[in-house]
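Data block below; observations after.
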Amino acid sequence: MPGKLKEDNIRLGIKKWDFDIFGIAEINLDWRVLNEQERLPHRTKEWWEHQHISWAHNRNLPPRQARQYGGTALFSVNKAALRVIGKGQDQTNLGRWSWTRYKGKGNHTLRILVAYRPNPPQGPFTVYAQHNSFFHTIARDICPRRAFLVDLCSEISSALEIGDHVVLLIDGNSNMKGSDLSKALQQLPLQEIILSKHGREGPATSKRNSTSTPIDGIWMSLGLGYDKCGYFAYDDVAPSDHRCLWVNLSFINAFGHNMPPLSRRQP
């Protein structure tokens, strides 16, 4: 999200398709280097009547330049923003995921996570290399992709144990149809709802993928109902080399009841 053009495209895309919650992987910025006016809350504060943002990036490296690969952000807009009761991120401070927790009727709670799993090793400045360097400093002998899987599943398991419904929006850089990632998420148990609803013959979700392999997915708790879901065409929501994925999760399913219309702020 480095410039105003991309920023405006994201805003217009969210407004056009009337998203209540929107996740972005690979923000690719070290927010510590930017001044307050350039940071995410300030840059987006006039976009909607009400908003909440959870975001994360790698804070283990010393801040040097604005460009930093990886990172995530989760926007909650208008009615959804009013239900937020907490937020958090990957506890290693690597920026691998961020999450927002929502309170519904009675004891109904929902946690939505947006996560980015690094690609296999490809060079010295990649997300994989960042994570690998960090794990060496703490003497944790583990592949960063494996560490992502172990740590994310632990976090989701903890959320499920306290009664949260869970939605995971993920750029997994792994086959959602059958990989170590998909098998681990199924064991939690979560289900990838687009493949579950439409079958396993869907399209690739990245322009760089020449096979029909979805590497992005929406995973949900088994007891959480939803209506429709699917893939947008490339660039339909905002210019990107990934498809935007979507699910229609009603307020009744998400929060246990419908919500009244918002009253507008007076000018």
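Taken together, the values in this text are just the output of simple stated rules run on the coordinates, not laboratory data. Just so you know, these numbers come straight off a predicted model, no measurement behind them. Cβ: placed from backbone, ideal geometry, glycine included. Neighbour counts: every protein chain shown.
For a straight C-alpha distance cut-off of 24 angstrom, the lysines reachable from LYS183 (same-chain residues fewer than eight places away being disregarded) are LYS197, LYS228. The orientation-averaged shadow of the Cα convex hull for the range 63-221, equal to a quarter of the hull surface, comes to 11.2 nm². Relative contact order, whole percent, for the chain stands at 15, derived from Cα pairs under 8 Å and 6 or more residues apart.
If only the Cβ of Lys and Arg carry +1 and only the Cβ of Asp and Glu carry -1, the dipole of the chain around its Cα centre is close to 340 debye.
Under the definition of Cα pairs under 8 Å and six or more residues apart, what whole-number percent is the relative contact order of the range 52-159? Don't skip to the end; give the middle numbers.
Values: 165 pairs, mean separation 23.2, N = 108.
21 percent.
Cross-link reach is defined here as a Cα-Cα straight distance under 17 Å, omitting same-chain residues fewer than 8 places apart; for LYS207 the aspartates and glutamates meeting it are GLU26, ASP171, ASP216, ASP235, ASP236, ASP241.
Taking the number of other C-beta atoms within 10 Å as the exposure measure, put LEU160, LEU149 in order starting with the fewest. Don't skip to the answer; put the middle values down first.
Working: LEU160 16, LEU149 21.
Listing LEU160, LEU149 from fewest to most nearby Cβ atoms yields LEU160, LEU149.
For a straight C-alpha distance cut-off of 20 angstrom, the lysines reachable from LYS103 (same-chain residues fewer than eight places away being disregarded) are LYS79, LYS87. Using only side-chain charges placed at the Cβ, +1 for Lys and Arg and -1 for Asp and Glu, the dipole size of the range 1-95 relative to its Cα centre rounds to 80 debye. The residues neighbouring SER221, those whose beta-carbon lies less than 11 Å from its own, together hold a net charge of 0 under the Lys/Arg +1, Asp/Glu -1 convention.
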